[in-house]
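Working notes, structure below.
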Amino acid sequence: DHSAGAFILLALGFLAPGLRRVRRDAAETTLLLIALMTLYMLAESRRFIEYFPAFALLFAAVALGRRDIRWGDYLPTVIHKHRLHRFYLLPFAAVILWSGWHTVSAVYADAQTAEEEGYMAGAAQWLQTNTQAGELVFQTDWDDFPYLFYYNTHNTYLVGMDPTYLQLAQPTLWNLWLAVTQGIVERPSVLIQESFGARYVVSDRGHDAFAVSAAADPAMHLVYEDATGLIWYISDTEAEK
């Protein structure tokens, strides 16, 4: 959905040699290969979505913008006879305007639903004040990391910007982390302390199942909460029972 324009540009770039009747040169071929490579990367992981559209645009610009294309050769004779082909740019302009409006509308909608200023700030600052420097914090959602790290570089966090790193490096821990954060572990404190080596757990308000399992665990003590975040402390004596 977010790369429709890039796919259209890639298709037009593919058609360019036939439209202009000139073979591809080295620059065009190189950008085509890069565009296809970044498309493959995007198919493998959404993490690479930023790369493919840019190279598809560059490829289309090089393929279509450096040599004249005789559009009249590809239009019906009646259109060419009455010189209506002069207006062929109108549909392209309409598509560009529509795409621009759609993009601006989508960005506006995203901005309206973005997290408020100060999201997870209270939890991050509490951890900075009440934990040792460099202490590992178990978090229930990887995308809370940017907010936590912005307000608190005092601690280290279990999962950063891309949880795939944990999944590839430690598949067993990845599966345990998922099970704990989804609230399907009866005593989450045991796994969090013994498998991950963490005594503090931070969560946003969107993990109700985990909050329920934590409330039922006698070793987990809710030590901080506000409108956006929750923090539990795991007591050693209770976790050993």
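The values are calculated or read from the model by the stated rules, or taken from the named source; none is laboratory data. Here the structure is a predicted model, which is why all the values come from computation and not from measurement. Every residue, glycine as well, gets a Cβ built from its backbone with ideal geometry; the counts of neighbours run over all protein chains shown. The area values use the complete protein model at the heavy-atom level, side chains included, leaving out ligands, DNA and RNA. Shrake-Rupley method; radii C 1.70, N 1.55, O 1.52, S 1.80 Å.
Quick notes
- Verdict on S203 being surrounded by 14 or more Cβ atoms within 10 Å (Cβ to Cβ), in contact (Cβ under 8 Å) with a residue 60 or more places away in the chain and within 14 Å of F138 (Cα to Cα): yes
- Exclusive hit being in a helix (DSSP H, G or I) and hydrophobic (A, V, I, L, M, F, W, C), set A211, A198, A227: A211
- Test: residue in the range 34-49 that is closer than 30 Å to Y165 by Cα, at pLDDT 90 or above and of a type in the set (S, T, Y): yes
- In the range 50-74, the residues that are at pLDDT below 75 and either part of a loop (DSSP other than H, G, I, E, B) or open to solvent by less than 30 Å² (accessible area, probe 1.4 Å) (or both): R67, D68, I69, R70, G72
- The set of residues in the range 19-33 that are more than 11 Å from L58 (Cα to Cα) and either touching a residue at least 12 places away in the same chain (Cβ under 8 Å) or among the charged types (D, E, K, R) (or both) comprises L19, R20, R21, V22, R23, R24, D25.
- Scanning the range 103-156 for residues that are over 21 Å from A211 (Cβ atoms), of a type in the set (D, E, K, R) and free of Cβ contacts under 8 Å to residues at least 12 places away in the same chain returns D110, E117.
- When the criteria are applied in full, L176 fails the requirement of being within 16 Å of W232 (Cα to Cα) and part of a helix (DSSP H, G or I).
- Candidate set: the range 148-186, residues that are open to solvent by 70 Å² or more (accessible area, probe 1.4 Å) and farther than 25 Å from R46 by Cβ; chosen: the one modelled with the lowest pLDDT: E186
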